[in-house]
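> Mind looking over this structure? Questions follow.
Readers should treat all values here as calculations from the given coordinates under stated rules, not as data from a laboratory. As the structure is a computational prediction, the values presented were derived from the model and not from experiment. Virtual Cβ from ideal backbone geometry, glycine too; neighbours counted across all protein chains shown.
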Amino acid sequence: MKKSFLFLVFALSASIGTSAMTPAITTDTAHWYMEHSYDVLQYKLEVDLYDNYTTPYPKTFTATEIITFRVDSTLNSIMLNAINTSLEIDSVNLAAVSYTHTNDTLTLQLDQTYNPGDVVEVKINYRHLDVADQGLYVSGGFVFTDFPPEGARKVFPCWDRPSDKATWELTAKVPIDVRLGSTGYLADSTIVADTIWYHWVSDNQVATYLITWTSYNNWFINISWWNNPNNPNDSTPIWLYHKSNEILTNVLTKIPLMTDLFSERFGEYPFEKIGFATITTFPWAGMENQTMVNLKPGGYNDEPLIAHEHAHMWFGDLVTCGTWADIWLNEGFGTYCAQLWLEHQNGYNVYKNKMNSLANYYIAYNPGWPIYNPEWAIQTPSANALYNVAISYYKGACVLFQLRYVLGDSMFFEVMNAYATDTNYMYKNAVTEDFVAVTNAVTGEDYNWFFDEWVYAPDHPVYANVWEREDIGGGQFKVILEMEQTHTGTVFFKMPIEVRIDFSDGSDTIVTGMNDTNPQTLEWIFDKYPENVTFDPGRMILLKQGSTVVGMKQQDECGFRLKQNEPNPFQDATSISYSLDKEVAVKITILNNQGRIILIPVNQSHQPGEYRFSLNGDQLSPGIYYCNMEAGKSIRTIKLIHQE
């Protein structure tokens, strides 16, 4: 799902209060919360929507529902989610003999005690009340549903958690001018006088929040085909519901190409149809209902949105998050796949620039909780927190970018394909631990460390790195890089790093290393003069802050000395001294911990001699700063600590 921008920005104000690393849950605990006393096999719904398409556009309808379930543990009653303010139960039958409906829970008393393995059917006759509940939407000829994260219980009784997927069958009665789409394929439609009965069936299991029906009394339907390039006899219909004035030329071209790309990367398109509909009154940007995506007005012109929602057919619909703690497996993956489409269409640089933008947004609006919150597996969070754009969408996508950097392209896409085509998860559910296990199995390596820091821990690294150059004689020079992560409230972030060395002859080279301790020093020797060092020049560690390279510390041939400030730490003021043996231009800058220049206290030519200046604490907020001093081509840096 891609919620509207205003909704997502509002979500940033939510607070979860997690500020320390959350350990990964174990296999034993990863699945207990997915279990209940029965497993739903099918929801079969008959609804009469005939009166909903004309003024005054009532939200009432009558329905009959048959739920087929398999018993997991001995039981003589079952509980279903059913919102009291939305649904009124009229009667029950088949294996259900009586009911109570209180506190948004429908309890069905069964006709006998059933044992594990028994398959049981219950029938519920009910009405939807004339209420606006943000599950059913009725206005201006549009009648549609939108269920994430747990809104299906507002429209039909169900076990409304993502882990219990079931097949779906819908028969809907509507006026003859209405076009109605739903999850699955159109089994048949019957016209009698001024009425159509649409009969939609999904033989593939679907989570309740991914079920929809979408309808309008002034729609057109464009049906084209995606032809599987690996099997000429395999074609999947593309159903586009649209108004007469909508131009479909671009989307008709792009959806098959997106399907080609995602099928190549993640396994062949997995469902009965590809479906999209634009809805004038749709409250969000898009929703990835299984085989029937709902879009905002003008959504057919929003190519990144189409790519995001279409990618969900693999990541979110085929493989559905097992709990809400694993929502990034949906939204982070969907967001990243939209950027893969961008890369495929426009090249690496465009893709990389977009990934940089996602990372910048995360850093600016990071609410401070980890991608994975174990309490969300049990207690559903607010939609504002669950669909937080900075975390679930953008940080999740950036984590996949960084995993691709760590693994390399070939291995990364092998992992993604293995995850999406694993029969343990296809048409079923997966939790974060499952994706970690696939990564480890495909690579043959233990990458738990990567997920522990980027998914289970909050925030990101803040670097304060210093480099120096040493003339070791014989025309050789040593480059020394001292790396330090200065953040608090989270973990140390181990990562492979790249460093670019620029030389005086205009050439450069990239050297690599593994930052696995804190602080850490890496050294390299060259036979030419190193002029500059850039840490992570390609910004492959997207999720980071800090002064990545702050200068050199050593004395060199210019006789340039910079002394540590006194006092340090300081409150009211501190004094900084330096000396020069030659006439040279001097520039002194004060930088904050993000590498931004705050002050320039000195910027002029100097004669040889001793110099001193004072820095007033009133000019700075409490925190860590750097005094960066340039004398000709030489650079010195010292760390300043300003306390309250």
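> Please give the charge dipole size of the chain, origin at the Cα centre, charges +1 on K and R Cβ atoms and -1 on D and E Cβ atoms. Round to the nearest 20 debye.
The dipole of the chain has a size of about 1400 debye.
> Modelling each spin label as a point 7 Å along the Cα-to-Cβ direction, I'd like the THR85/VAL350 distance in nm, to one decimal.
Here the answer is 4.6 nm between the modelled labels.
> If you average the C-alpha positions of segment 70-101 and of segment 451-517 separately, how far apart do those two centres end up, in angstrom?
Here the answer is 60 Å between Cα centres.
> Give a residue-ordered list of calculated ³J(HN,Hα) values for segment 168-179 (Karplus: 6.51 cos²θ - 1.76 cosθ + 1.60, θ = phi - 60°; whole Hz; x for Gly, Pro).
Each residue's phi maps through the Karplus curve to give 9, 9, 10, 10, 10, 9, 9, x, 5, 8, 8, 10 Hz.
> In addition: Taking the Cα atoms of segment 466-539, what is the range of coordinates along each of the three principal axes, in descending order and whole Å?
Result, largest extent first: 45, 24, 15 Å.
> Can you tell me the Rg and the Dmax, both Å, for the Cα atoms in segment 35-321?
Using the Cα atoms of segment 35-321, the pair Rg, Dmax is 19.1, 58 Å.
> I've got another one for you. At 7 Å along Cα-to-Cβ for each site, give me the label-to-label distance between ASN440 and VAL97 in nm.
Result: 5.0 nm between the two label points.
> So how do 275-284, 404-413 stack up, highest first, on mean other-Cβ count within 10 Å?
The most tightly packed comes first, giving 275-284, 404-413.
> Something else: For ASP203 and TRP449, what does the FRET efficiency come to when R0 = 56 Å and r is the distance between their Cβ atoms, rounded to the nearest 0.05?
So the FRET efficiency works out to roughly 0.85.
> OK, next. Ranked highest first by average number of other Cβ atoms within 10 Å, how do 167-177, 494-504 line up? Walk me through the numbers before you get to the answer.
Numbers: 167-177: 19.5, 494-504: 17.7.
Ranked by mean Cβ neighbours within 10 Å, highest first: 167-177, 494-504.
> Restricting to lysines 8 or more places apart or on different chains, can you count the pairs in segment 554-644 with Cα atoms under 16 Å from each other?
4
> Now a separate question. Compute the orientation-averaged projected area for segment 403-447 from the convex hull of its Cα atoms and round it to one decimal in nm².
Hull-based average projected area comes out at 2.9 nm².
> Sum -39500 (n - 2.57) across every DSSP H segment of at least 4 residues in the chain, then divide by the residue count to get the 222 nm mean residue ellipticity, nearest 500. Provide the component values of the computation, followed by the final result.
Values: 11 runs with 122 residues, N = 644.
About -5500 deg cm²/dmol.
> In units of 2.2 N^0.38 Å, what is the alpha-carbon radius of gyration of segment 324-454?
On the way: Rg = 14.6 Å, N = 131, 2.2 N^0.38 = 14.0 Å.
For segment 324-454, the normalised Cα radius of gyration comes out at 1.04.
> Something else: Quick one: work out Rg over Rh on the C-alpha atoms of segment 588-639, Rh as Kirkwood radius.
Checking Rg against Rh, the ratio lands at 0.97.
> Also, I was wondering about something else. Within segment 110-257, count lysine pairs with alpha carbon atoms under 26 angstrom apart where the residues are 8 or more positions apart or belong to different chains.
Here the count comes out as 8.
> Expressed in nm to one decimal, what extension gain is obtained for the pair THR281 and GLU482 from 0.36 nm per residue of sequence separation less their Cα-Cα distance?
Answer, rounded to one decimal: 66.8 nm.
> Sticking with the crude label model, points 7 Å out along Cα→Cβ, report the distance from ILE191 to ASN222 in nm, one decimal please.
2.3 nm
> Further question on the same structure: Report the net charge of residues surrounding ASN515, where surrounding means a beta-carbon distance below 12 angstrom and charges are Lys +1, Arg +1, Asp -1, Glu -1. List each step's numbers first, then the result.
On the way: positive: LYS494, LYS544; negative: GLU453, GLU482, GLU484, GLU498, ASP516, ASP536.
Charge balance near ASN515 sits at -4.
> Go through 103-115, 512-524 and give me the packing order, highest mean Cβ count within 10 Å leading.
103-115, 512-524
> Take the Cα coordinates of segment 423-472, assign each an equal point scatterer, and use the Debye formula without solvent to give log10 I(q)/I(0) at q = 0.17, 0.24, 0.31 Å⁻¹.
Taken in order of the listed q values, log10 I(q)/I(0) reads -0.69, -0.95, -1.15.
> If you project the alpha carbons of segment 188-238 onto their three principal axes, what span does each projection cover, largest first, in Å?
Cα extents, longest axis first: 43, 26, 19 Å.
> In whole Å, largest first, what are the principal axis extents of the Cα atoms in the chain?
So the three principal-axis extents are 100, 50, 48 Å.
> Please report Rg (one decimal) and Dmax (integer) in Å for the Cα set of segment 405-563.
19.9, 70
> Counting only Cα atoms, I'd like the Rg/Rh figure for segment 69-146, Kirkwood definition for Rh.
1.08
> Residue-wise, which Karplus ³J(HN,Hα) couplings in Hz belong to segment 333-342, taking 6.51 cos²θ - 1.76 cosθ + 1.60, θ = phi - 60°, and x for glycine or proline?
Each residue of segment 333-342 in turn: 5, x, 5, 5, 5, 4, 6, 4, 5, 4 Hz.
> About the Cα centre of segment 35-321, how large is the charge dipole given +1 on each Lys and Arg Cβ and -1 on each Asp and Glu Cβ? Please answer in debye to the nearest 20.
420 debye
> Can I ask one more? To the nearest whole percent, what portion of all C-alpha pairs in segment 113-240 is separated by more than 19 angstrom?
Working: 4904 of 8128 pairs.
Value for segment 113-240: 60 percent of Cα pairs lie more than 19 Å apart.
> Hey, for a label at TYR529 modelled as a point 7 Å past Cα toward Cβ, could you say which residues of segment 488-523 have their backbone N under 19 Å away?
501-509
> Please report, in cubic angstrom per residue, the volume enclosed by the convex hull of the alpha-carbon atoms of segment 554-644.
Enclosed volume per residue, from the Cα hull, is 81 Å³.
> To continue, here is another question. Please give the charge dipole size of segment 554-644, origin at the Cα centre, charges +1 on K and R Cβ atoms and -1 on D and E Cβ atoms. Round to the nearest 20 debye. It would help to have the intermediate numbers written out before the result.
Details: 9 positive and 10 negative charges, 44 e Å.
That gives segment 554-644 a dipole magnitude of about 220 debye.
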